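Laboratory data are not the source of any read-out in this text; all were calculated from the coordinates shown. What you see is a predicted model; the values in this text were computed from it and never measured. Note that each Cβ is placed from the backbone with ideal geometry, even for glycine, and that neighbours are counted across all protein chains shown.
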Amino acid sequence: MTARPDQARDVREEDAFDVARVDAFLKQRIEGLQGTPVVKQFPGGASNLTYLLSYANRELVLRRPPRGAKARSAHDMMREARVMDALKASYPYVPAILARCDDEAVIGQDFYVMERLKGTILRRDLPSELGLNRDGVRALCLGFVDRLIELHQVDASQPGLKELGKGEGYIARQLSGWSERWRQAATEGSDACEDIIAWLQSQQPRHDNASCVIHNDFRFDNVVLAADNPLGIVGVLDWELATVGDPLMDLGSSLAYWVQADDDPVFQSFRRQPTHEAGMLTRHQVVAYYGERTGMDVSRWRFYEIFGLFRLMVIIQQIYRRYALGQTTNPQFAGFGDAARYMAMRCRRLMAGMD
């Protein structure tokens, strides 16, 4: 059975851009575009924004940053496009880049346009049209983890990729950087979390596990399932945070979003992907499977698990700060301050060995 492709919606007023300028720019760079594009916006997009451009004869996807203040190194559209270009030959799930624009005269921000990969993107719940039983869900889950393992096996010394790495010390740099981002994202009433930062500093491994290409946001809602085969992944999206670094840090970031069936009701309310379904591996089972497939030592997993949650907490708080400062009016961000406080509590429970 097949499910409907991911559905784009009307563009939010605050996320609109000058369609005529984009159309003129693209027709100078992509041959054969016909008509004027109808523009829709894909759901999600708490960080960068993603749009569907439907021409008479072709569909394209545009990515651009949100308006308002942003972290210095975040939302770099040109870097994301370069990474995707460099990775495409070795990792076929990367969409092809068709055009890049660093001329802010077009829409006021950098953006890029890529091919549209038609298929199903999983959101909060598993579509019944997929017709997956427990065994099918397990196969889907294992295929998802396998695609992450395949990414980690890409030769990171290739031109365009090796430049992303800064050598040994990735874990220490990440901990320092995300700790500073947390402090900069503070709002009235937010938790200082200095105890969590101190725990991570005391528990961090002395050396990185490896230097490989990592995605840093590998989730079900960033993969595209084949329209006619829900077990086949045809695309991996959102390469904004991709770099060369420690693979267990990547896995930890991915599992921070992994809400499973026995989690508490508050964490269940955060769920954005169907990781609670019967047949899905638990977080511990994913880690064990990853270790078995790669031969990597996962015995000190607790550090990576807590760092993943801390990092997600920072991202949530950064988005909430934009909302608190009035830089976005999107109502879905109103509760992000409470969400960040919950994530801090979750970190502390893990630090105390309670979960």
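This ranking places 207, 276, 215 by how few other beta-carbon atoms lie within 10 Å of each, fewest first, which gives 207, 276, 215.
Over the range 13-119, calculate the relative contact order: mean separation of alpha carbon pairs under 8 Å at least 6 apart, over the residue count, as a percent.
Relative contact order of the range 13-119: 24 percent.
Loop-located trypsin sites (Lys or Arg not before Pro) in the range 141-209 (DSSP state other than H, G, I, E, B) with a sparse environment of at most 12 neighbouring Cβ atoms within 10 Å: 166, 206.
Looking at the range 242-291, the trypsin sites (Lys or Arg not before Pro) that sit in a DSSP loop and have at most 16 other Cβ atoms within 10 Å of their own Cβ are 272. Within the range 112-221, the GluC sites (Glu not before Pro) that combine a DSSP coil assignment with at most 12 other C-beta atoms in a 10 angstrom radius are 168, 188. For the chain, lysine pairs with C-alpha atoms less than 29 angstrom apart, excluding pairs fewer than eight positions apart on the same chain, total 12. Contact order for the chain, expressed relative to its length and based on alpha carbon pairs under 8 Å spaced 6+ residues apart, stands at 18 percent.
Computed from backbone phi, the HN-Hα couplings of the range 100-115 come to 10, 9, 10, 9, 5, 5, 6, 10, x, 8, 5, 7, 9, 10, 10, 5 Hz, rounded to whole numbers (Karplus: 6.51 cos²θ - 1.76 cosθ + 1.60, θ = phi - 60°; Gly and Pro given as x).
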